[in-house]
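The values are calculated or read from the model by the stated rules, or taken from the named source; none is laboratory data. Because the structure is a prediction, the values reported are computed rather than measured. Cβ sites come from the backbone with ideal geometry, for glycine too, and all protein chains shown count toward neighbours. With ligands, DNA and RNA removed, areas are computed over all heavy atoms of the protein, side chains included. Shrake-Rupley method; radii C 1.70, N 1.55, O 1.52, S 1.80 Å.
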Amino acid sequence: MKVGDIHYRSIWRDAATDEIRVIDQRWLPHEFRVVALDTLADFATAIRDMWVRGAPLIGATAAYGVARQMARDPSDESLATAYHVLHATRPTAINLRWALDDLKARLMPLVPADRASAALARADAICDEDVAVNRAIGGHALRLIEEIAARKGGEPVNILTHCNAGWLATVDWGTATSPIYQAAEAGIPVHVWVDETRPRNQGAQLTAWEMAGHGIPHHLIVDNAGGHLMQRGQVDMVITGTDRTTATGDVCNKIGTYLKALAARDTGVPFYVALPSSTIDWTVSDGLSEIPIEERDGREVTHVYGVRQDGQTDWVRISPEGSPGGNPAFDVTPARLVTGLVTERGIAEASAEGLLALFPERRPNR
Ligand code: MRU
């Protein structure tokens, strides 16, 4: 998508230098910084410390991390090290393991001399596929927005989203935001309620920046406002992303997603989740007991990052010095609260049968 007049992806291989470049998301929306990642340690740090974040982008970054490592040392041991180091960076988003498994399965049968070029080509392809998949997701969810728009007779469709499942969280388009961008392009009036998404404020810092950058009407709201707005009929649909969806349709996503789903169910607001199939963990059937939930530093809760009155950016503490922060980063929304899963192949009911109907190759004993 665009930053000013320039089209960016969130990660790319520079045509002139061959460097792998990413937008360093830690500084948005206050500063737009691009950094090059080179060593395995660079890639691991970028994922762990959230220079890049969002499930699909984490996977794409890991793929380039393997490729760079293969260029240095294409041995079996080096591939195993790259897998281990990158896999240990963040525990919840399954796209990380998906990308690493994909690379490992393709590279292991090759002689070491062929691995670097194969890994780089596959990392490039993962990025291009992600863009196509997200565009397709947006096309399917656009139909939902069109249906609501037709009922509202020209009034804006009010969409609530949580965290950032935007183009910054993917290679381009985003998952939850893809239909929003496509609706805006089609001239359908939309308005987005952007959850701030404490504690890392991905909504306030990233989704709001994306919406503003593309001229999408939106309001930033505190995380606690969504239920109230739904009760008053001011939300037509909720659409979020996910870090891992089980084979039975349970959705693990940014902390606070579950509360939005509960409020949506209570008020009759449809609650959709947009995801590439690389976010489905076919090995897991119970999201609550089987998905590792990342616990992050409590300082992300006790401190906030922003612009001071003198214009400088800074972290400030918002709580008593002696109060430790507790920081579970994700929660699980049971499938029964999810109206539909929007994938690149279409919209599935959030159930094992619903997903298998769209992905029949995953049926056991086929
Ligand atoms: O901790 P983050 O910022 O990596 O969490 C991101 C999310 O929870 C997104 O909703 C999810 O990864 C889907 S991104 C298309």
The relative contact order of the chain, taking Cα pairs under 8 Å that sit 6 or more residues apart, comes to a percentage of 15
The value for the stretch 111-265 (convex hull of the alpha-carbon atoms, volume per residue, Å³) is 136
If each part is reduced to its alpha-carbon centroid, the stretch 102-125 and the stretch 160-201 end up apart, in Å, by 33
Rounded to 0.05, the calculated FRET efficiency for the beta carbons of residue 124 and residue 349 at R₀ = 35 Å is 0.55
Restricting to aspartates and glutamates and to Cα separations under 14 Å from residue 104, and discarding same-chain partners fewer than 8 apart, the set is 76, 77, 114
Under a Gaussian network model of the chain whose springs join Cα atoms within less than 10 Å, the largest fluctuation of 271, 330, 32 belongs to 32
Among 275, 57, 355, the residue with the largest mean-square fluctuation in a Gaussian network model of the chain built from Cα contacts under 10 Å is 355
Carbon plus sulfur, as percent of the 1.4 Å-probe accessible area of the chain, comes to 51
With the stretch 258-366 reduced to its Cα atoms and the Debye formula applied, log10 I(q)/I(0) at q = 0.14, 0.15, 0.22 1/Å amounts to -0.77, -0.83, -1.18
Once all protein chains are kept in place, residue 314 shows an accessible area at probe 1.4 Å, nearest 10 Å², of 60
Residue span residue 231 to residue 186: 0.36 nm per residue of separation minus Cα-Cα distance leaves a gain in nm of 13.3 nm
The answer for the chain, counting only DSSP H helices whose Cα atoms cover 18 angstrom or more along the axis and whose Kyte-Doolittle average is -1.0 or greater, is 55-72, 94-107, 115-152
Restricting to aspartates and glutamates and to Cα separations under 14 Å from residue 260, and discarding same-chain partners fewer than 8 apart, the set is 195, 196, 223, 236, 331
Taking r as the C-beta separation of residue 143 and residue 267 and R0 as 30 Å, the FRET efficiency to the nearest 0.05 is 0.85
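Using only helices, what value at 222 nm comes out for the chain when you add -39,500 (n - 2.57) per DSSP H run of length 4 or more and divide by the total residues, to the nearest 500 deg cm²/dmol?
Value at 222 nm, helices only: -11500 deg cm²/dmol.
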Under a Gaussian network model of the chain whose springs join Cα atoms within less than 10 Å, the largest fluctuation of 320, 109, 91 belongs to 320
